[in-house]
1. So which residues in the stretch 121-140 are modelled with pLDDT of 95 or more, of a type outside the set (Ser, Thr, Tyr) and part of a helix (DSSP H, G or I)?
2. Which residue pairs have Cβ atoms under 6 Å apart, sit 6 or more places apart or on different chains, and have a first residue in the stretch 127-150 that is of a type in the set (Asp, Glu) and a second that is in a helix (DSSP H, G or I) and modelled with pLDDT of 95 or more?
3. Do the conditions hold for Gln128, that is, is it buried (at least 16 other Cβ atoms within 10 Å of the Cβ) and either under 19 Å from Leu181 (Cα atoms) or assigned by TED's automatic domain parsing to the domain that holds Glu271 (or both)?
4. Restricting attention to the stretch 192-202, does a residue exist that is surrounded by 13 or more Cβ atoms within 10 Å (Cβ to Cβ), touching a Pro at 6+ places or on another chain (Cβ under 6 Å), among the hydrophobic types (A, V, I, L, M, F, W, C) and touching a residue at least 60 places away in the same chain (Cβ under 8 Å)?
5. Scanning the stretch 299-317 for residues that are aromatic (Phe, Trp, Tyr) and either in a loop (DSSP other than H, G, I, E, B) or out of contact with any helix residue (DSSP H, G or I) (no Cβ under 9 Å at 6 or more places or on another chain) (or both), which turns out farthest from Thr81 (Cα to Cα)?
6. Just the residues that are buried (at least 19 other Cβ atoms within 10 Å of the Cβ), touching a Phe, Trp or Tyr at 6+ places or on another chain (Cβ under 6 Å) and in a helix (DSSP H, G or I), please, taken from the stretch 142-181.
Amino acid sequence: MGTRPYISARRNTQCIINSVYLFDGRCASTQDFYIHMTVPIQNIIFQVLPTAAKSLLYPRVVKLHFKNMANNDSPPMYTDTPLAVIPTPKFETGNEDPFTIEASHMALSHNAFIRGFNSIYQQASRLQEPTDKSDFVGYCQAWIECVKTHHHYEETDLFPNINKAAGTTGLMADAVQEHELFYGGMDRMKAYLDETGAEFSAAELISIMDSFKKPLHSHLKAEPPAIVDLARYNTEQNPIDIMAIAAAAGRKQVGFSFFLNTVPVFFLNMETATFEGGMWHGVFPPLKGFARTLVNNVVPMWHSGRWRFASCTPDGEYKQLAV
């Protein structure tokens, strides 16, 4: 009779976990699923379940949990380092013309890239478990793909259509030249991870990132003001609907594979709860209702192990890092 509450706790918790970890094919057992949960969820389970039930459910992980507690080895909160996030033109000027708004959207997108970079940089040297390293490589590759795809669509669609609307050429030529200054480093990063996989050296990975972080950050800061400056080419004879041009170009980059395998690294590095006083929270990205739930909560179930390394929650708040 004395074991009945523990058996009940075990059964109830097992059912909850089974219903969730089936979404993630990598988890072969409840123990595997437990390891892939975020630390706050792990702590909740350990606070709620009796010790006997914990031991029945997670005989291997219980020891690891209490070892980490004893060593005070809880992962740190994400911070905006080594790259600082950038302000939006709207926040700086108070202007709300289409060029300022589109440039602000670009700045917010660039900040997601910056947080992705920082989250990789901060966690690379803390990884210990082979499964963590494998998931982390997938996260890194998704970040590279996201950043490169964004700049590719600028060069092939956004910038040419801006030139076409303005009736001139080369308006964003400086931005294209800036792209070339960090493409090589990102290509080296991708090639290194392709070659080494989970056997990568954190020191080598960070060294590669150091080689292109300055030109990347300089570009991400410089491009939004360049979009604002395009307003002087907007005339009655040559009107430039900058927001429509940007929206059309953005839609072209999101195919099905990109949506499942890459998009979460963008949305889960988008902090809007406190950034610039929360003025963008619920405003950008412009998703509401089911669409927002789909992108922020449902899609990340695919490759869920990767996205735990992101800097933000689905609600746009900074969070504790995965490692």
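The values are calculated or read from the model by the stated rules, or taken from the named source; none is laboratory data. It should be emphasised that the depicted structure is a prediction, and the values quoted were computed from it without experimental measurement. Neighbour counts run over all protein chains shown; Cβ positions are idealised from the backbone, glycine included.
1. Selection gives Gln122, Gln123, Ala124, Arg126, Asp132, Lys133, Asp135, Phe136, Val137, Gly138, Cys140.
2. What qualifies is Asp135/Arg306.
3. no
4. Yes: one or more hits.
5. For the stretch 299-317, the residue satisfying everything is Trp302.
6. Correct list: Cys146, Val147.
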